[in-house]
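S.K.: Okay, here's the structure, questions in a sec.
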Amino acid sequence: MISADNTTTGRFLDRCRWLWKVPVVKLQQAPTTMPLAEWFARLADTPCDDGDSIRWLLSPPLNPNVLPASLTQIPLADRAVAYLSDHLHVLHLRRNGHWHHLLRSRLSEPALPANTVYFSSHSMPPKLANELVSLGALESQPNIPAASADAAQPKRPTTHPLVTAMPAIDSYLIHCTRRCDGPWPGQSEADYYDSLLLGLPSSHRSALAVLTRIVCQRRLLASAVTNRAGRRAVSFTAVPLPKLPALRKFRPHRARWDFEPYGIGIKRPWLTRRGTKPVIYGEDACWNQLSESEQPFFQKSRSDGKSPVDWTSEKEWRHLGDVDLQSLPHHAAFVFVPDYQAAVQLAPRSPWPVFILNPTHGPQQLQGP
């Protein structure tokens, strides 16, 4: 296989070398801002422990004008992978993206062998698939490995009765879950890559998968992403559950949605006894006046920029560090999901009632064990 540094698939192909002992040619591009002599000197001083991989060094072409205009702005590493590979298997393609231009160029090049580009029709829009076929690409069905039986968690049949009683939501604080991008907290990158490459159930990172992990581990893991003080904390909201959908927004700077319809509600007194406190909203001057113990609970009232966000509408509370749910009673919490199908998956594992936000018919709550 051919891999290039700083490309999307590079780190995964490098892990494939360790899993399946596949020889890998690794392409490393010379920095455009560093003289070649200096780059070679640094490489000479860097130990190479890549095992059975082969390292090829790339420098910028002396005459870039020989390339079609559509390819001159594409990174050299991508161009090298596209043209040096004996066969290409397209996993995903976006119209007018770099690889769309590269594939059209490769398939139109008479000097390159035919029947060496493969794709799945599920990996791109039909028009793109038809275009590749017209240029000589071949459609192939992906070989999806079966999930290993030992990795799947056994599910007990759900026999608990459905009831219509709703929790007294005003006395709860709500924690919403969202998808997890990358390794789980505490998980190594190697283990994360392995779970993806082997198709294990543990590779799922959806909001439901995160909530299932919380329920099974009986723990809310803290994060320091939005905390100016750098202290790890778990965030909650005092906004009543029925009003949360109005707060759901896509945050481009974080590339994610806020307030997904998955999460857990916990009795406020249970959390306050463990140090959970409301956020202190204010401006920069307020931050400077807070004590060291108060600063982890600070949040700016409004964001900066052309379209400022009023953060006070979130009515945030914070708990410093992880929240251990081992002693959380059955009657002091509930779990919520958007539909009946998700509730049926979660209820056999949850010690707390599972509440359906958007029931299409029938009852609204599914009792856990």
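The values are calculated or read from the model by the stated rules, or taken from the named source; none is laboratory data. The model shown is predicted, which means the values in this text are computed figures rather than measured ones. We place every Cβ from the backbone using ideal geometry, glycine too, and count neighbours over all the protein chains shown.
S.K.: Would you confirm, using the coordinates I've provided, whether LEU346 is assigned by TED's automatic domain parsing to the domain that holds GLY230, within 19 Å of LEU211 (Cβ to Cβ), hydrophobic (A, V, I, L, M, F, W, C) and not in a loop (DSSP other than H, G, I, E, B)? Outline the logic, then answer.
M.R.: On the way: assigned by TED's automatic domain parsing to the domain that holds GLY230: yes; within 19 Å of LEU211 (Cβ to Cβ): yes; hydrophobic (A, V, I, L, M, F, W, C): yes; not in a loop (DSSP other than H, G, I, E, B): yes.
Spelling it out, LEU346 is indeed assigned by TED's automatic domain parsing to the domain that holds GLY230, within 19 Å of LEU211 (Cβ to Cβ), hydrophobic (A, V, I, L, M, F, W, C) and not in a loop (DSSP other than H, G, I, E, B).
Yes/no matrix, rows are residues, columns are (1) over 13 Å from THR7 (Cβ atoms); (2) in a loop (DSSP other than H, G, I, E, B); (3) modelled with pLDDT under 85:
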site: ILE74; (1), (2), (3): no, yes, no
site: ALA80; (1), (2), (3): no, no, no
site: HIS89; (1), (2), (3): yes, no, no
site: ARG94; (1), (2), (3): yes, yes, no
site: HIS100; (1), (2), (3): yes, no, no
site: ARG104; (1), (2), (3): yes, no, no
site: GLU109; (1), (2), (3): yes, yes, no
site: ASN115; (1), (2), (3): yes, yes, no
site: HIS122; (1), (2), (3): yes, no, yes
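S.K.: Also: Are any residues in the stretch 183-198 outside any helix (DSSP H, G or I) and touching a Lys or Arg at 6+ places or on another chain (Cβ under 8 Å), and if so, which ones?
M.R.: Narrowing the stretch 183-198 to residues outside any helix (DSSP H, G or I): 183-188, 198.
Answer for the stretch 183-198, where residues must be outside any helix (DSSP H, G or I) and touching a Lys or Arg at 6+ places or on another chain (Cβ under 8 Å): just TRP184.
S.K.: Follow-up question, since we're still on this one. What tally of residues in the stretch 197-212 results from selecting those that are crowded, with 16+ Cβ neighbours inside 10 Å, within 15 Å of the chain's Cα centre (by Cα) and not hydrophobic (A, V, I, L, M, F, W, C)?
M.R.: Residues of the stretch 197-212 that are crowded, with 16+ Cβ neighbours inside 10 Å, as a first pass: 197, 200, 202-203, 205, 207-212.
Still in the list and also within 15 Å of the chain's Cα centre (by Cα): 202-203, 205, 207-211.
Subsequent filtering for residues that are not hydrophobic (A, V, I, L, M, F, W, C) retains 202-203, 205.
The number of residues fulfilling the criteria is 3.
S.K.: Across the stretch 217-241, what is the number of residues that are at pLDDT below 80 and more than 19 Å from the chain's Cα centre (by Cα)? Don't jump to the end; show me each part of the working.
M.R.: If we filter the stretch 217-241 for residues that are at pLDDT below 80, which is where we start, we get 224-230.
Of the ones still in play, those that are also more than 19 Å from the chain's Cα centre (by Cα) are 227-230.
Count: 4.
S.K.: Condition first: assigned to a loop (DSSP other than H, G, I, E, B), modelled with pLDDT under 90 and of a type in the set (Lys, Arg). Can you find one or more residues in the stretch 199-216 that meet it? If you could, list the steps in order and put the result at the bottom.
M.R.: So in the stretch 199-216, the residues assigned to a loop (DSSP other than H, G, I, E, B) come out as 199-200, 204-206.
Applying the additional criterion that residues be modelled with pLDDT under 90 yields 199-200, 204-206.
Adding the requirement that they be of a type in the set (Lys, Arg) leaves 205.
Looking through the stretch 199-216, at least one residue is assigned to a loop (DSSP other than H, G, I, E, B), modelled with pLDDT under 90 and of a type in the set (Lys, Arg).
S.K.: Do you know which of the residues in the stretch 302-321 that are touching a strand residue (DSSP E or B) at 6+ places or on another chain (Cβ under 6 Å) and outside any strand (DSSP E or B) is modelled with the lowest pLDDT?
M.R.: PRO308
S.K.: Failed condition for LEU244, given (1) of a type in the set (A, V, I, L, M, F, W, C); (2) at pLDDT below 85; (3) part of a loop (DSSP other than H, G, I, E, B); (4) more than 15 Å from the chain's Cα centre (by Cα), with all others met?
M.R.: Failed condition: (3).
S.K.: Return the total of residues in the stretch 167-177 being at pLDDT below 85 and assigned to a loop (DSSP other than H, G, I, E, B).
M.R.: The initial filter retains those residues of the stretch 167-177 that are at pLDDT below 85, namely 167-170.
Filter once more, so that each one left must be assigned to a loop (DSSP other than H, G, I, E, B): 167-168.
Residues that pass the stated criteria total 2.
S.K.: Of the conditions (1) in a loop (DSSP other than H, G, I, E, B); (2) among the hydroxyl-bearing types (Ser, Thr, Tyr); (3) modelled with pLDDT of 80 or more, THR158 clears all except one; give me its number.
M.R.: The failed condition is (3).
S.K.: Let me ask something additional. Determine which member of the set VAL323, VAL279 is assigned by TED's automatic domain parsing to the domain that holds ARG218, over 25 Å from the mean Cα position of the chain (by Cα) and either crowded, with 19+ Cβ neighbours inside 10 Å or within 27 Å of GLY186 (Cα to Cα) (or both). Lay out the reasoning, then the answer.
M.R.: Numbers: VAL323 fails: over 25 Å from the mean Cα position of the chain (by Cα).
Answer to the check: VAL279.
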